[in-house]
């Protein structure tokens with residue numbers, strides 16, 4: 001089993017392995033290898049197309065956490081120039097699970113903030129698996145307030161299983177750190193565009209997710225609780241995660257349909273990791289468009305629209 | 001275990017001693033195991049007269065005890081929950097709503113009333129923990145916003161007594177967005193210079209603690225209330241060690257700087273009326 005592929009992708013993995021093998025035998029064979037390879041490649045493509053045309057919510061939540069999935073810094077590197085990372089909350093520590101800094105998006109100055117996961121074991125631990133502590137949220141807040149002072153639009157990338165549930169995090173006020181970000185972002189006097197690039201894990205995601213536009217990559221997820229967590233609480237069994245994923249409606253299309261997000265950013269066939277440059281291009285196009293539109297609004301209008309958006313969330317009846 | 005129980009284990013087991021307290025007339029304090037006369041307990045606002053343990057108290061009773069008898073005007077009581085997502089786990093959300101409504105006599109987990117405390121006008125809200133764990137869904141969020149808007153409209157302070165496990169999972173991402181919604185209205189309150197006092201009671205966790213509850217100009221904890229972001233069990237599973245005694249209790253939060261003070265239930269009216277009269281530059285409240 002190829003660990004760089006998910007379980008439901010294994011048929012693709014097998015085909016890809018076959019193609020690699022053929023390439024390796026290469027020239028010394030008699031049969032027409034090139035033809036065989038292109039036949040298998042076509043087959044792999046159509047297989048991928050058919051698999052990905054009907055992913056269920058649980059499969060998509062696995063895609064959002066795919067071991068090969070690009071992370072915030074992979075996008076920052078491709079989307080922006082002159083990125084200067086800024087560190088620390090000025091009070092306690094620098095939290096590596098949130099990165100941020102100033103940069104240019106096609107010459108336009110911006111403030112970039114995002115959750116960062118690690119690729120190998122060592123980096124995973126260093127990044128705390130993308131689970132921020134209060135100092136991470138306070139660093140994000142510091143950068144957002146700086147962005148407001150220097151009239152830089154804020155661009156955030158969301159990718160976290162959730163805020164870190166640890167003793168120190170509680171001691172240092174995890175709740176307060178998240179709550180304060182929500183309050184400040186609601187009224188920050190500069191445009192904010194948020195993009196969910198992987199996992200949008202609950203309050204830990206929302207703490208950098210209040211904005212004028214909220215977009216999601218096609219195979220990212222955004223949820224009040226992880227499917228596993230929900231299943232173990234409501235179904236009393238973590239094995240019902242697939243049912244929970246479906247019920248929670250955590251996929252980009254479903255959330256767009258519900259009016260909770262603005263745009264779904266298309267991923268390359270087989271997912272963002274299959275072609276990171278193209279994925280970055282799609283994100284950049286959306287970001288530039290959104291930022292252009294928001295830049296034309298005057299500040300009061302921007303704030304009114306953001307506020308109305310927040311107030312519109314919810315379903316209830318009036319008797 | 002007493003010497004008698006050691007010799008005669010068959011006549012006294014834990015199960016039977018629990019049932020020995022009759023429903024209605026007597027109650028047992030979970031803090032000191034004392035047997036209490038229920039009428040006396042109720043007069044004491046469900047605080048054990050023997051050990052001071054604060055038991056959970058319903059939202060309506062809480063506001064009844066907190067507010068002056070007159071005037072009172074309920075806010076957002078025309079709002080009722082709907083199952084927009086047709087959410088179904090082991091039970092249907094619709095059925096869970098009905099069951100909670102029947103059990104509590106409330107439409108949802110937050111009540112808001114405009115009134116006075118010792119003559120100080122204010123808007124008070126309270127979470128009903130028995131309604132699906134006081135979870136915050138769309139009705140809770142909208143009622144809180146309407147309560148805050150009434151505060152803004154009349155220029156009077158806002159109080160919230162929270163008791164909640166967090167966001168309501170059955171409303172999925174809509175419930176998460178209530179965190180952003182309630183925090184946004186508090187940003188306006190702050191801009192207008194209207195005081196918000198947050199009283200965190202047992203328990204105030206998750207999405208409620210990580211939004212409106214922590215945003216008070218003054219944050220108050222009831223004695224020994226569990227207050228935090230992640231639940232103790234989740235933390236224990238993550239860090240794989242037993243948590244220190246008193247972790248995430250009001251006294252712990254006071255020490256860590258997350259809350260301003262711990263106020264026993266019996267003093268809540270006096271202390272809040274006094275705080276608010278100073279914060280709004282008014283004369284000291286009348287002593288009644």
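Bear in mind these aren't lab numbers, they're just calculated from the coordinates by the rules spelled out. These figures come from a predicted structure and were not determined experimentally. Neighbour counts are summed over all protein chains in view; Cβ atoms, including those assigned to glycine, are modelled from backbone coordinates with ideal geometry.
What to note about this one:
- Computed over the alpha-carbon pairs of the stretch A:16-116, the distance histogram in 5 Å steps reads 2, 10, 13, 11, 10, 11, 10, 11, 10, 6, 4, 2, 1, 0 percent, short to long.
- Exposure proxy ranking, count of Cβ atoms within 10 Å, fewest first, for B:151, A:232, A:97: A:232, A:97, B:151
- For the stretch B:69-138, alpha-carbon Rg over 2.2 N^0.38 Å: 1.31
- Antiparallel %, DSSP beta bridges [both residues in the protein assembly as shown], to 5: 45
- Per residue Cα convex hull volume in Å³ - calculated over the stretch A:49-192: 141
- Taking all Cα pairs closer than 8 Å and separated by 6 or more residues, the relative contact order of chain A comes to 15 percent.
- Per-residue Cβ neighbour counts within 10 Å put A:121, A:160 in the sequence A:121, A:160, beginning with the fewest.
- Using the Cβ-Cβ distance between residue A:233 and residue A:149 with R0 = 41 Å, the FRET efficiency computed as 1/(1 + (r/R0)^6) comes to roughly 0.45.
- The stretch A:136-156-the stretch B:188-233 distance, computed between alpha-carbon centres (Å): 25
- Here, the stretch B:149-288 is characterised by an Rg to Rh ratio of 1.01, where Rg is the alpha-carbon radius of gyration and Rh the Kirkwood radius.
- Taken as Cα centroids, the stretch A:164-194 and the stretch B:134-169 sit 19 Å apart, rounded to the nearest whole angstrom.
- In chain B, the C-alpha radius of gyration followed by the widest Cα-Cα span (Dmax) gives 20.3, 69 angstrom.
- Entry for the stretch B:136-201 at q = 0.26 Å⁻¹: log10 I(q)/I(0) = -1.14, Debye formula applied to identical alpha-carbon scatterers, no solvent contribution.
- Counting Cβ atoms of other protein chains within 10 Å of each Cβ in A:248-261 and taking the mean gives 2.
- Bins of 10 Å from zero: percent of alpha-carbon pairs in the stretch B:19-70: 25, 49, 22, 4, 0
- Along each principal axis, Cα extent of the stretch A:100-164, largest first, Å: 37, 25, 15
- For chain A, the longest principal axis of the alpha carbon atoms and the long axis of helix A:134-149 meet at an angle near 70°.
- Gain in span if fully extended, residue B:102 to residue B:286, counting 0.36 nm per residue against the direct Cα distance: 62.3 nm
- Separation between Cα centres of the stretch A:44-78 and the stretch B:255-288, rounded to whole Å: 54
- Shape analysis of the stretch B:110-150 yields a ratio of the Cα radius of gyration to the Kirkwood radius, Rg/Rh, of 1.04.
- Within 10 Å of the Cβ of each residue in A:181-188, the mean number of Cβ atoms contributed by other protein chains is 6.
- D by Stokes-Einstein for the protein assembly as shown, Kirkwood Rh over Cα pairs, 20 °C, 1.002 mPa s: 82 µm²/s.
- With both residues required to sit in the stretch B:189-288, DSSP beta bridges show an antiparallel share near 10%.
- Segments B:212-218, B:57-63 sorted - mean Cβ within 10 Å per residue, highest first: B:212-218, B:57-63
- Partner shielding of B:206-217 amounts to 6, given as the average count of beta-carbon atoms from other chains within 10 Å of each residue beta-carbon.
- As a calculated quantity, the FRET efficiency between residue A:119 and residue A:23 at R0 = 25 Å, using C-beta atoms, amounts to about 0.45.
- Sequence-separation-based contact order of chain B, relative, with Cα cut under 8 Å and 6+ spacing, percent: 13
- Peptide packing: for B:268-280, B:136-148, the average count of neighbouring Cβ atoms within 10 Å per residue gives the ranking B:136-148, B:268-280, highest mean first.
- Three-way shape label, the stretch B:32-171, alpha-carbon gyration tensor, a/c 1.5: oblate
- Global form of the stretch B:43-107, assessed from the alpha-carbon gyration tensor, a/c cut-off 1.5: oblate
- Over chain A, the reciprocal of the mean inverse Cα-Cα separation, the Kirkwood hydrodynamic radius, stands at 20.9 Å.
- For the stretch A:60-134: rounded, prolate or oblate by the Cα gyration tensor [a/c cutoff 1.5]: oblate
- DSSP finds beta bridges in the stretch B:66-178, and of those with both partners inside it, around 70 percent are antiparallel.
- Calculated SAXS-style log₁₀ I(q)/I(0) at q = 0.16, 0.18, 0.22 Å⁻¹ - the stretch A:191-319, Debye, Cα scatterers: -0.90, -1.06, -1.32
- For the stretch B:230-287, alpha-carbon Rg relative to the globular expectation (2.2 N^0.38 Å, N residues): 1.69
- Footprinting exposure proxy for A:38, A:54 (fewest neighbouring C-beta atoms within 10 Å first): A:54, A:38
- Gaussian network model of chain A, Cα within-10 Å springs - most flexible of A:116, A:218, A:305: A:305
- Alpha carbon convex hull of the stretch A:241-289, volume per residue in cubic angstrom: 87
- Helix B:268-279 and the longest principal axis of the C-alpha atoms of chain B enclose an angle of approximately 30°.
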